[in-house]
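Structure first, commentary second.
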Amino acid sequence: MTFETVENWALHAYADGELEGDERKAMERLLAENDDARKALAAINYQKSELRKTFGAVVHEPVPQVLLATAQMRLKRNTWSYAAMAASVALLLIGGTAGWFSALESGAAQNISMARRALVAHQVYSSEQRHMVEVAASDQDHLQKWLSKRVGTDFQIPNLEVAGFPLLGGRLLAAENSPAGQLMYEAVDKRRLTIFVAANPSGKDEAVQWIWSDKLVTCFWREGKLALAVTGEMSDEEMTALAKTIYDQMDVKS
């Protein structure tokens with residue numbers, strides 16, 4: 001194992017204590033020998049520390065009954081509208097103000113964790129100018145096959161050019177216990193949009209939910225075999241339209 005060949009998700013898995021046996025021993029040897037690997041692990045641990053600072057207090061706050069009732073509503077296919085999406089929203093405020101987890105459903109904590117990872121990954125990579133993606137849009141066929149294989153589900157990379165967000169490319173990331181992918185798009189005004197793509201092993205659909213952090217908004221849901229989170233700096237209305245386009249193009253049921 002070398003740092004050039006080790007995959008991003010493996011470092012995240014090590015940081016989470018999820019590598020065992022020979023994989024863990026190999027990672028420990030790499031970290032002992034390679035300064036770049038140690039720096040990458042330190043960056044991951046820093047991100048985790050910042051997440052704990054940001055969300056630690058929020059997780060213990062009571063959930064208002066009106067939000068619980070909203071969170072339990074389900075979004076039905078072919079009825080996507082701004083009103084329908086708003087009805088399924090589970091509000092979570094992130095940052096300097098109070099917030100609520102929209103939970104009490106079996107997958108809620110996992111959904112929030114995925115959304116946090118998506119938001120942090122967007123903040124980290126969308127600010128990059130030279131290394132924002134691992135595989136460029138010019139090699140889209142390879143990118144799609146590679147990420148589909150690693151995520152474990154074939155999916156189509158959404159075409160958002162009509163919406164003003166051409167594809168820049170993508171990279172491999174980590175979900176909770178498995179690989180995930182990040183697709184990055186950029187508008188003419190240089191705003192970047194990212195799609196976090198992970199597997200949904202349970203196959204259980206989860207209604208659209210939202211989180212906000214400063215100027216960023218993340219919209220996330222589970223549909224068929226995929227769990228998706230879309231992040232960008234834009235109005236709720238613009239995110240709604242983009243999320244619907246992505247939702248329709250990435251419908252993976254079987």
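So how much slack lies between Lys204 and Lys149, counting 0.36 nm per residue of separation and subtracting their Cα-Cα distance, in nm? Let's see the in-between values first.
Numbers: separation 55, 0.36 × 55 = 19.80 nm, distance 2.08 nm.
Fully extending the segment from Lys204 to Lys149 adds 17.7 nm.
The Cα-based radius of gyration and maximum Cα-Cα distance (Dmax) for the stretch 140-243 are 13.3, 39 Å. Close amide H pairs (under 5 Å, H built 1.01 Å from N) link Gly169 with Ala137, Met184, residues at least 5 positions away or on another chain.
Compactness of the stretch 105-186 was expressed as the Cα radius of gyration divided by 2.2 N^0.38 Å, which yields 1.13. Applying 0.36 nm per residue to the separation of Lys215 and Ala136 and subtracting their alpha-carbon distance, the gain on full extension is 25.8 nm. FRET efficiency for the pair Asp248 and Glu18, taken as 1/(1 + (r/R0)^6) with r the Cβ-Cβ distance and R0 = 41 Å, rounds to 0.75.
Too long at a 22 Å Cα-Cα cut-off: which of Lys48/Lys145; Lys204/Lys244; Lys215/Lys244; Lys149/Lys225; Lys190/Lys215?
On the way: Lys48/Lys145 30 Å; Lys204/Lys244 19 Å; Lys215/Lys244 20 Å; Lys149/Lys225 13 Å; Lys190/Lys215 15 Å.
From the list (Lys48/Lys145; Lys204/Lys244; Lys215/Lys244; Lys149/Lys225; Lys190/Lys215), the Cα-Cα distance tops 22 Å for Lys48/Lys145.
Readers should treat all values here as calculations from the given coordinates under stated rules, not as data from a laboratory. Predicted model only: the values in this text are computed from it and were never measured. Glycine gets a Cβ as well: all are built from the backbone with ideal geometry, and neighbour counts include every protein chain shown.
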